[in-house]
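Reading through the structure tokens given below for one structure.
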Amino acid sequence: MCGRNSLFIDQADLEARFDAEVVADGGYTPRYNIAPGDDLHIITNEAPDEIDAYHWGLIPFWADEPEEGIINARSETADEKRVFERAWESRPCLVPSSGFYEWKSPNGGSKQAYRIHREDDPAFAMAGLWDVWEGDDETISCVTILTTEPNDVMNSIHDRMPVVLPQDAESDWLTADPDTRKELCQPYPKDDLDAYEISARVNNPGNDDPQVIEPLDHEQSGLGEFSS
């Protein structure tokens, strides 16, 4: 799955990377710890030259009131689910990321957080679906991130991972037909995805600063256990 994201590349570099301009209300602020229910900056098929901000959590169109929504959709079955039907058919989007986070429970013990990123790319794209929930007096543009089977890097951490798109497949994701897009929903095929342990600071969404992505210092983290 993908339950936490980050996007902290400079705005000028973000716009250059995706050849798109930030148009989101409130602009763009680098984020190190984006949680479900927050806004995700995305690029939709209807506006491929714009970077907008949508609520993270696709709200079912039949919901009477706004809710947190569905943060992930299984790419293997999204086309079969009523809640994703119109989004899968005609509303793909890119979800830029500087790295996402996942948790592993080694030997059934306490969960260890990991940051997963690409060393050679300060921002990559995950595959998403967007929709618009319409209430009586408000509308909410919302997004979910598609997931797939883990690749070799993710396999030892979690049994799912977001659909990370190779850069040369990003435009295809936005323009292709649904069948072709489904073929793109594969475990990330390249060897430039990396993962490393980080501290429990990421567990609290209120911690939204560069310290979140610092590699875990095992030697230092153990000292406090024996200090008086």
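Below is a table of values for the structure above.
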{"read-out": "Accessible area (Å², per residue) of the chain, counting only protein heavy atoms and a probe of 1.4 Å", "value": "49 Å²"}
{"read-out": "Nonlocal amide H pairs with Leu146, under 5 Å, H built at 1.01 Å", "value": "Ala73, Ala127, Gly128, Leu129, Val163"}
{"read-out": "Sequence-distant residues sharing a close amide H with Phe8 (under 5 Å, placed H)", "value": "Arg31, Ser98"}
{"read-out": "Computed helical MRE - 222 nm, the chain, DSSP H runs ≥ 4 contributing -39500 (n - 2.57), nearest 500", "value": "-3500 deg cm²/dmol"}
{"read-out": "Accessible surface of the stretch 1-128, 1.4 Å probe, proportion on carbon and sulfur as whole %", "value": "42 percent"}
{"read-out": "Gained length - Asp172 relative to Ala24, 0.36 nm times residue gap less alpha-carbon distance", "value": "50.9 nm"}
{"read-out": "Derived scalar couplings ³J(HN,Hα) [the stretch 191-198; Karplus, 6.51 cos²θ - 1.76 cosθ + 1.60; whole Hz; x for Gly, Pro]", "value": "9, 9, 8, 10, 9, 8, 6, 10"}
{"read-out": "HN-Hα J in Hz across the stretch 30-43 - Karplus 6.51, -1.76, 1.60, θ = phi - 60°, x for Gly and Pro", "value": "x, 10, 9, 8, 8, 9, x, x, 6, 8, 10, 7, 9, 10"}
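The values are calculated or read from the model by the stated rules, or taken from the named source; none is laboratory data. Note that the structure is predicted; figures quoted are calculated from it, not measured. Areas reflect the complete protein model, heavy atoms only, side chains present, ligands, DNA and RNA absent. Shrake-Rupley method; radii C 1.70, N 1.55, O 1.52, S 1.80 Å.
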